[in-house]
Structure formats: structure tokens, C-alpha cells
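Asker: Structure provided below as C-alpha cells; questions to follow.
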Amino acid sequence: MAGTRRGGYAKGRERREAILAAANDVFAAQGFHGASLATIATRVGLSEPGLLHHFPSKEHLLLELLTLRQDHDAERVARALAAHEGFLGALLGLSRENQRTAGLVRLFTILAGESVDADHPAHDWMVERYRGLRERFVARIEAEQRAGRVASGLDARALAPQLIAMFDGLQRETLFVHDLALSPAFAPANQDGEAVEHRLVSLDEAARIAASEHGDDEATLDASLVIVDCLVRCGAIGPDQPRYAALVRLLRAGL
């Protein structure tokens with residue numbers, strides 16, 4: 001009997017995680033007000049009453065998702081701080097990681113805009129987030145000043161909201177404009193052990209790599225999709241080429 005209950009708990013936890021993942025996608029695409037529980041339930045093979053068995057309302061589902069994000073962010077910050085000597089280096093590390101979690105960035109951007117309304121269920125969460133974030137940034141900046149990595153003459157309380165605004169603003173910008181200007185000294189770093197090397201190539205060479213029959217020996221599947229997307233946005237692949245419309249639809253559905 002105990003084994004059966006434990007199995008039931010595990011299945012229930014898996015189902016909740018699946019619901020939260022579906023809710024993240026739907027809220028990110030449609031916002032809180034535009035999303036429906038029926039749509040979320042359908043994505044995980046449940047009826048709406050079945051979903052309500054796990055989360056009693058759409059508001060509860062959203063707040064659980066935000067709590068999950070807060071816990072996730074705390075873990076990511078801890079990892080970034082452990083991997084970098086300074087706070088600014090850790091922020092750059094977080095920015096790189098956020099490029100691989102566009103769904104979370106999109107969700108946060110949508111909710112940040114919606115929750116300006118005081119009646120929005122995420123309003124208080126957002127207010128507390130920014131209040132707490134400012135205090136944590138002030139403490140980190142002051143620690144950097146004591147370590148000599150940030151000029152001591154700067155006002156930490158004035159600098160903290162500026163850094164937060166820059167960090168959030170750049171994340172939002174990447175949802176609209178992927179081609180951010182990089183310093184000539186920028187050197188990409190392998191974060192996941194998959195890439196053998198990084199190199200700067202021309203558009204023609206990039207197209208050759210994406211079309212190569214050697215598969216993962218030159219570029220992984222996801223890297224090839226990114227290359228093709230870049231070629232489309234740069235005009236190297238245009239509407240006059242065969243199956244252009246189908247290719248664009250495929251990219252927009254998969255990226």
C-alpha cells in the first residue's frame with residue numbers, strides 16, 4: 001500500500017510539472033488574461049476539471065509558476081556567483097543562460113507588462129521582486145566596491161536600479177532583435193560541453209555548414225536551425241527561393 005501511495009505521489013508530481021510547463025508556454029504566448037485553463041488542460045491531456053484538481057484556479061497556477069521561477073532564479077544566481085569572481089561577471093553569465101531560456105524571458109516580459117494593473121494576480125509579486133532585487137544589488141555592489149572591482153565613488157543605491165533596468169531591458173530586446181552588437185574582443189565560451197569550437201565565418205560559409213552532409217561533425221541540429229534563421233533574417237535566403245514560405249513557417253514554429 002505504501003508503495004502504491006508513493007507511486008501516486010510521483011505521478012501527481014509529474015502531472016503538476018507538466019501542467020506548469022504547459023502554463024508557462026500558454027501564458028508566455030497569450031498573457032494571463034488571454035490564456036484559458038481549457039487550453040492548458042488540453043496540452044497535457046486533461047479536462048478543465050481535471051486540471052482544477054491540481055490547481056484550484058488560474059491565479060493559483062500563475063502564482064505557483066512565479067514561485068517556481070523565483071526558486072529557479074535563486075539557484076541560477078548562486079551558480080553564477082560561484083562560477084565568477086565578480087558580480088558583473090555573474091550577471092553576464094546569467095545573460096548567456098537566459099538566451100537559452102527564451103520562454104521564461106517571454107513569460108516574464110508579458111507578465112511584467114500586464115501586472116502594472118494593481119488588480120493583476122502577479123502585481124504584488126512583481127512589486128516585491130523589484131524591491132528585493134534592488135536591495136540585493138545594492139549589497140552586491142557594495143561588496144564589489146570593498147573588493148576594489150567597482151569604483152568606490154559610485155552610489156550603490158543609484159547604480160542598482162540602473163543595472164536592473166539594463167539587464168531587464170537587454171533581455172526584452174532579444175525577443176525582438178536577435179542581432180545585438182558585440183565587441184570585437186567578444187569570445188564565446190562553451191557552456192554545455194557540446195560545442196567543439198566557435199569560429200567567425202562569412203554568410204556563405206555559414207550556409208555551407210548548415211547544408212553540410214556531415215551532420216553534427218560541423219554543426220548540431222539546433223545550431224543549423226539558428227544559422228538558417230540568421231540567413232533568412234539577413235536576406236541571404238529570400239522569398240524568391242523555392243519553399244521559402246514553408247521554411248519560414250517551420251522556423252517560426254520551432255524556434
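Asker: Within region 237-252, count every residue that is assigned to a loop (DSSP other than H, G, I, E, B) and loosely packed, with under 15 Cβ neighbours inside 10 Å. Steps first, answer last, please.
Answerer: Step one: of region 237-252, the residues assigned to a loop (DSSP other than H, G, I, E, B) are 237-243.
Adding the requirement that they be loosely packed, with under 15 Cβ neighbours inside 10 Å leaves 238-243.
Qualifying residue count for the region: 6.
Asker: Next question, about the same structure. Hey, any hits in region 156-172 for a residue that's of a type in the set (Val, Ile, Thr), at pLDDT 90 or above and under 21 Å from the mean Cα position of the chain (by Cα)? Let's see the steps before the verdict.
Answerer: Step one: filter region 156-172 for residues of a type in the set (Val, Ile, Thr), giving 164.
Filter once more, so that each one left must be at pLDDT 90 or above: 164.
Still in the list and also under 21 Å from the mean Cα position of the chain (by Cα): 164.
Yes, region 156-172 contains a residue that is of a type in the set (Val, Ile, Thr), at pLDDT 90 or above and under 21 Å from the mean Cα position of the chain (by Cα).
Asker: Here is a follow-up. Which numbered condition in (1) farther than 20 Å from Thr67 by Cβ; (2) of a type outside the set (Asp, Glu); (3) modelled with pLDDT under 85; (4) surrounded by fewer than 16 Cβ atoms within 10 Å (Cβ to Cβ) is the only one that Ala90 fails?
Answerer: Among (1) farther than 20 Å from Thr67 by Cβ; (2) of a type outside the set (Asp, Glu); (3) modelled with pLDDT under 85; (4) surrounded by fewer than 16 Cβ atoms within 10 Å (Cβ to Cβ), Ala90 violates only (4).
Asker: Is it the case that Leu225 is surrounded by fewer than 13 Cβ atoms within 10 Å (Cβ to Cβ) and either modelled with pLDDT of 80 or more or of a type outside the set (Val, Ile, Thr) (or both)? First the steps, then the outcome.
Answerer: On the way: surrounded by fewer than 13 Cβ atoms within 10 Å (Cβ to Cβ): no; either modelled with pLDDT of 80 or more or of a type outside the set (Val, Ile, Thr) (or both): yes.
Spelling it out, it is not the case that Leu225 is surrounded by fewer than 13 Cβ atoms within 10 Å (Cβ to Cβ) and either modelled with pLDDT of 80 or more or of a type outside the set (Val, Ile, Thr) (or both).
Asker: Here's something else I'd like to know. With Ala38, Ala82 as the choices, which residue is farther than 18 Å from Ile164 by Cα, in the same structural domain as Ala23 (by TED's automatic domain parsing) and in contact with an Asp or Glu (Cβ under 8 Å, 6 or more places away or on another chain)? Write out each step before concluding.
Answerer: On the way: Ala82 fails: in contact with an Asp or Glu (Cβ under 8 Å, 6 or more places away or on another chain).
After ruling out the rest, the residue left standing is Ala38.
Asker: Follow-up. Among Arg96, Arg136, Arg131, which is the only one that is assigned to a helix (DSSP H, G or I), without any contact (Cβ under 8 Å) to a residue 12 or more places away in the chain and out of contact with any helix residue (DSSP H, G or I) (no Cβ under 9 Å at 6 or more places or on another chain)? It would help to see each step written out before you state the result.
Answerer: Numbers: Arg96 fails: without any contact (Cβ under 8 Å) to a residue 12 or more places away in the chain; Arg136 fails: out of contact with any helix residue (DSSP H, G or I) (no Cβ under 9 Å at 6 or more places or on another chain).
Going through Arg96, Arg136, Arg131 in turn, just one is assigned to a helix (DSSP H, G or I), without any contact (Cβ under 8 Å) to a residue 12 or more places away in the chain and out of contact with any helix residue (DSSP H, G or I) (no Cβ under 9 Å at 6 or more places or on another chain): Arg131.
Asker: Could you please find all residues in region 24-59 being at pLDDT below 90 and part of a helix (DSSP H, G or I)? I'd like the intermediate steps shown before the answer.
Answerer: Initial filter on region 24-59 (at pLDDT below 90): 24-35.
Of everything in region 24-59, those that are at pLDDT below 90 and part of a helix (DSSP H, G or I) turn out to be Asn24, Asp25, Val26, Phe27, Ala28, Ala29, Gln30, Gly31, Phe32, His33, Gly34.
The values are calculated or read from the model by the stated rules, or taken from the named source; none is laboratory data. Every value quoted in this text rests on a predicted model; they were computed, and no experiment measured them. With ideal geometry, Cβ positions are generated from the backbone for all residues, glycine too; neighbour counts draw on all protein chains shown.
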